[in-house]
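Every read-out reported here was derived from the displayed coordinates using simple, explicitly stated rules and does not represent laboratory data. Note that the structure is predicted; figures quoted are calculated from it, not measured. We place every Cβ from the backbone using ideal geometry, glycine too, and count neighbours over all the protein chains shown.
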Amino acid sequence: MRFCGPKLSLCGLIISVWGIIQLLLMGVFYYIHSVALIEDLPIEEHYHTAEEFYAAADRAYRQNALNCWIAALIYVVTLAISTWQFYANQRASSVN
Amino acid sequence: MANKTQYRQIPTSESQIKKRAKMNPLFRSEEITLCQMFIQPEAAYTSVSELGETGAVQFRDLNTEVNAFQRKFVSEVRRCDEMQRKIRYVEAELKKDGVKIRDCQEVPRAPNPREIIDLEAKLEKTENEIMELSQNAINLKTNYLELIELRHVLKKTQGFFYDENVISTEAMRNNMTQEDATGQGANQGRGRLGFIAGTIQRERVPAFERMLWRISRGNVFLRQAEMDETLEDPETGNTLYKTVFVAFFQGEELKNRIKKVCTGFHASLYPCPSANDEREEMLKGVLTRLEDLNMVLNQTQDHRSRVLHNVSKELPRWSIMVKKMKAIYHTMNLFNMDVTKKCLIGECWVPVLDLHKVQKALSDGSAAVGSTIPSFLNVIETNETKPTFNRTNKFTRGFQNLIDAYGVASYQEVNPALYTIITFPFLFGIMFGDLGHGFIMFAFGFWMVSGERKLGAKKSNNEIWNIFFGGRYIILLMGIFSMYTGFTYNDVFSKSMNIFGSKWRINYNESTIMSNPLLQLDPSSNDLMEGEIYPWGLDPIWQLGTNKIIFLNSYKMKLSIIFGVVHMIFGVCMSTVNHNFFRRRVYILLEFLPQIIFLVLLFAYMVFMMFFKWVLYNPKAIPPHSPGCAPSVLIMFINMMLFKKSPPLHGCNEYMFTDQELLQKIFVFIGLLCIPWMLLGKPLYIMCTRKNNNKVHNGHNGDVNQAMEMTPETPEELAPAAHSESHGHEEEPLSEIFIHQAIHTIEYVLSTVSHTASYLRLWALSLAHAQLSEVLWNMVLALGLKSDDPIKGPIMITIMFAAWACFTLAILVMMEGLSAFLHTLRLHWVEFMSKFYEGLGYVFQPFSFKLILDETDE
């Protein structure tokens, strides 16, 4: 069963591979509390005490690491779908 | 005798050839000589064929005054044209039947005369066979079509006649006896009503109907029914939609008129018996005939496809053979016939390194026909400008094309392509500096390079793809260099990497941090670790700074000027290689020296001051060398040019070192002196040499004459050469030389300023690239990362990542990459190459079968 064209499936394939690699790495960086990514955390602009801030940041880092890994998993699914479609398209074109 | 003396110039010895080959083929275009070849007429075809296989010779047209129809081998070329026409016809037939033409694995050689006749006969036979087959097929199909139509007519009319019966009986009921219900009454009615049955194209039906109405004043009764089956036009293969009609009328007169209308509308009429039984019988007969015909048709189709399949295997070979043959005869048309008609004379440009190959090809050609008299090759001296030939490989070809797009180098001029291999990707990298984007580009380039055999084999007509594929090595190198500069700028998709550990520390206490939105780190305090710097590139802490852009701008601007000045100085230095090679060494003194002095004293001095400023001032030093005292290099440079002063801050020095003011004045003074030097040096030199030359020249001529009396053979060729050379110079009047030099000088002086400024595009594009990628991250990907919800978060990240990836590819890699590429190209063409490159040559176009076949493929 084919529902993606050859171009769409190839596009999906590339973005999925890229997404898996980059999101896995970003998850790792969030997990090790990378400072470079601090601007992309779901935290407030201002906290009253440093402990509050650290707690919020720690939670946000963990949360984002998890989110990134889940997103990478979603990309594994899209990778599987695109691969399947890609080969289905190739087989169809080689038959014709 | 003369021939023999010239013959010696061909470097036949191995060592000589090796020495020449050792020179980098990209450094300057290859040495080329004009040769004359004398070929026996019977060996001409095979010799030219051999030369075409080697592809090392560019023939010159010796019959320019003769038009294409009066040349010697016109009839042969016509024969080839005829064969090509046949091949095209067969190809079209193959395409019509959807038979794939496979590329032939090995390229056949040009056919020899016997093979030509065979080939011609084969082509003739194939063409006739296919033509006959298609004619037969058309006839059969026409028959088939007619039968099908008849079948439809018979079937459809069934209904009409039934309806008609009802109508006519009803009509008859009024005035006739009611005893016979159907049969007889209908027969009687039909006896008076005539009819015509047939088919007509569907789009013509309304007009046809109206016409019938008009000619009969409404007395024709037309019944029609659309055929549900689509038919095929036997000749064109188009689909036809037809309608069956029956026209009922009264009287012979009307019948004739209707028939005329039918022929006018190209309606085909079919005999249709009026009796039901007869019709049924006829239908049966039609059906059996149809079946028979179908079988015959299938058989012809089988036969045709068998023939076409056989041809399709041979066709590419034939096509290549004919193309080669035609190319050979075209080339032979460029040759001259000897007066005695004993040999053909051709003139050609040959790269010196390939002379032995050409000689081998000639001897092979003669040997192939068993000719006893060898063909031979003479090198002749010429003053004409020779073609430019750079031997490239798949790696260097792309870079050479970049240069050739600006202008083909003059013969043996220094070739910028060699340096472009590194400078081009490097300058591109400065503008495109991002490790992530660079990696994408590198991956794309690497994919194309690693699969180049496979990708190159399938020829694509997509122009954009062909451009990318042609420049695959450029893309690969650009990717690598962008990764390098991206690493130096510490940018990966606008994020920094803290690989070696930032060398800045935050020494503020908690309450200060909590109460201040922004805090400054002071490099003079111990915020910056003592004696330590980030080992490579930008310290990652800058990513969090609000003054990152201000800092980077100053840094990248200086970097662009430094690279620009170095690049330009290199360009100016390349001109010495040209002056030296073309024996104009005096121009090194008259042109290169003032140019380089001007550039170095003013602009390289500015570059020096940048470095000096970096070294001299540091944050922990006391006032004259503290950061606040550091003067702006740009202001300093302007003051230097205008002899102005700007008052320094309290406790600072205006100049960085003692006697700087004096030194600057001397530099400006010498720089200004260079302008009249450039302006007048060359014209005055030419003026002087001309005066001397005239004297010397007269004497020299006398010498030659004397010499000629003693040894008449040797210097004969030298004298006219010397003559024409000196004449060539004298043709340009002195005033024009002065004007040219004035333009040249003004251009150079102004260009040093404008070109230096032009290199600032390195900074501008790099800034734009970095900012765009940062904006894209913050506006798109950060949206996904900042969502707090544990369920919505991953989904948002997935969606936003896909959007971010697409934009990154489309805008940052494709668009920005293209823009950086164009700016790099401009920096090379204008800023670098204008310093030494003439680009007035014309390209060496060898007679090569490979090139001819590649061209016709596209």
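Worth a mention:
- Where N is the number of residues in the protein assembly as shown, Cα Rg divided by 2.2 N^0.38 Å: 1.44
- Of the residues B:Tyr89, B:Tyr748, the one with the fewest other Cβ atoms within 10 Å heads the list, and the complete ranking is B:Tyr89, B:Tyr748.
- Separation of the range B:293-370 from the range B:495-538 is 76 Å, based on Cα centroids.
- log10 of Debye I(q)/I(0), alpha-carbon scatterers only, for chain B at 0.05, 0.10 Å⁻¹: -0.58, -1.20
- Peptide packing: for B:265-271, B:322-328, the average count of neighbouring Cβ atoms within 10 Å per residue gives the ranking B:322-328, B:265-271, highest mean first.
- Taking a quarter of the surface of the Cα convex hull of the range B:386-453 gives a mean projected area of 5.6 nm².
- Residue pairs, from the table B:Lys556/B:Lys613; B:Lys72/B:Lys326; B:Lys96/B:Lys242; B:Lys156/B:Lys284, whose Cα atoms sit over 18 Å apart: B:Lys96/B:Lys242
- Ranked by the mean number of other Cβ atoms within 10 Å of their residues, highest first, the peptides B:407-416, B:542-551 fall in the order B:407-416, B:542-551.
- In nm, spacing of pseudo-spin labels at B:Glu855 and B:Ser524 (7 Å Cα→C-beta vector): 7.3 nm
- Two-site FRET efficiency, B:Leu750 against B:Ile666, from Cβ-Cβ distance with R₀ of 22 Å, rounded to 0.05: 0.45
- The equivalent ellipsoid that matches the C-alpha gyration tensor of the range B:580-647 spans semi-axes of 37, 15, 6 angstrom, in descending order.
- Candidate cross-link partners of A:Lys7 among the lysines, defined by an alpha-carbon separation under 21 Å and a same-chain spacing of 8 or more, comprise B:Lys454, B:Lys458, B:Lys459.
- Partner shielding of A:32-39 amounts to 4, given as the average count of beta-carbon atoms from other chains within 10 Å of each residue beta-carbon.
- Within-12-Å neighbourhood charge of B:Tyr759 [Cβ basis; K, R +1; D, E -1]: +3
- For B:Lys645, a cut-off of 17 angstrom between C-alpha atoms picks up these aspartates and glutamates, skipping any fewer than 8 places away in its own chain: B:Glu654, B:Asp659, B:Glu661.
- With helices as the sole contributors, chain B gives -20000 deg cm²/dmol at 222 nm; each DSSP H run of n ≥ 4 counts as -39500 (n - 2.57), and the sum is divided by every residue.
- Cβ charges +1 (Lys, Arg) and -1 (Asp, Glu), total dipole of the range A:6-95, debye: 800 debye
- Highest average packing first - A:9-22, B:591-604, Cβ atoms within 10 Å: B:591-604, A:9-22
- Shielding of B:493-506 by partner chains, average beta-carbon count, 10 Å: 1
- Tail beyond 13 Å, pair distance distribution of the range B:86-146 (Cα, percent): 73 percent
- Debye, to nearest 20: dipole size of chain B, +1 on Lys, Arg Cβ, -1 on Asp, Glu Cβ: 540 debye
- In the distance distribution for the range A:6-95, Cα-Cα pairs more than 21 Å apart total 47 percent.
- Residue-wise HN-Hα couplings along the range B:141-147, as the Karplus relation 6.51 cos²θ - 1.76 cosθ + 1.60 with θ = phi - 60° gives them from phi, are 5, 4, 4, 4, 4, 4, 5 Hz; Gly and Pro carry x.
- Of all aspartates and glutamates in the structure, the ones whose alpha carbon falls short of 19 Å from that of B:Lys155, not counting any fewer than 8 places away in one chain, are B:Glu146, B:Asp163, B:Glu164, B:Glu226, B:Asp228, B:Glu229, B:Asp277, B:Glu278, B:Glu280, B:Glu281, B:Glu291.
- Neighbours of B:Asp118 by Cβ distance under 12 Å: Lys/Arg scored +1, Asp/Glu scored -1, total -1.
- Only the Cβ atoms of Lys and Arg (+1) and of Asp and Glu (-1) were treated as charged; on that basis the dipole of the protein assembly as shown about its Cα centre amounts to roughly 720 debye.
- Here each label is just a point 7 Å from Cα along the line to Cβ, and for B:Asn461 and B:Ile345 those points are 4.7 nm apart.
- Estimated inter-spin distance, B:Gln201 and B:Ile533, nm [label 7 Å along Cα→Cβ]: 8.4 nm
- When chain B is described by a simple charge dipole with +1 on each Lys and Arg Cβ and -1 on each Asp and Glu Cβ, the residue from B:Met609, B:Leu334, B:Thr396 located farthest towards its positive end is B:Met609.
- Listed residues B:Val600, B:Ile101, B:Ala782: farthest to the positive end of the dipole of chain B (Cβ charges): B:Val600
- Other residues within the sphere of radius under 11 Å centred on the Cβ of B:His437, judged by their own Cβ, net out at -3 (K and R +1, D and E -1).
- Average beta carbon contacts from partner chains per residue of B:779-791, 10 Å cutoff: 4
- Furthest towards positive pole of dipole, B:Ser410, B:Cys629, B:Met227, structure part chain B, Cβ charges: B:Cys629
- Using a Förster distance of 25 Å, the FRET efficiency for B:Ile675-B:Ala764 (Cβ separation, nearest 0.05): 0.25
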